[in-house]
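Have a look at the structure below, then the notes.
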Amino acid sequence: MSNEKVDELGDCEISKMTETKVATTPEVAATIMRSLHGPQAVDQALRAAVSMCWMMLPEDRRSADVVECEMRRLLDRVIANLREDAKAFGA
């Protein structure tokens, strides 16, 4: 099924496709994921990560500055790994 066809589908049809586990291409799967999660998915995931970081810090280190430092450290490591993987696997 083409991306154009998936874009024409309503939420009900996409829900039925996911429930029946229709074999699909990565492009169609990405379109379905975008429709299910919406534009807020990344924002929500990041907010959850910030909240988790806050909770995992010892109480005496809990501050916005420490959370920012730790989150940037983790994100830098994730981006470096992403670039390394892209080189290794070609992307």
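Here, each number is a calculation from the coordinates, and none is a lab measurement. These numbers were taken from a predicted model, which means no experiment stands behind them. Backbone-built Cβ (ideal geometry, glycine too); neighbour counts: all protein chains shown.
Before moving on, here are some points about what is shown:
- Simple spin-label estimate for Leu74 and Arg62 gives 1.6 nm between the two label positions (7 Å along the Cα-to-Cβ direction from each Cα).
- Linear extension gain, Met33 paired with Ala86, 0.36 nm per residue minus alpha-carbon span: 16.9 nm
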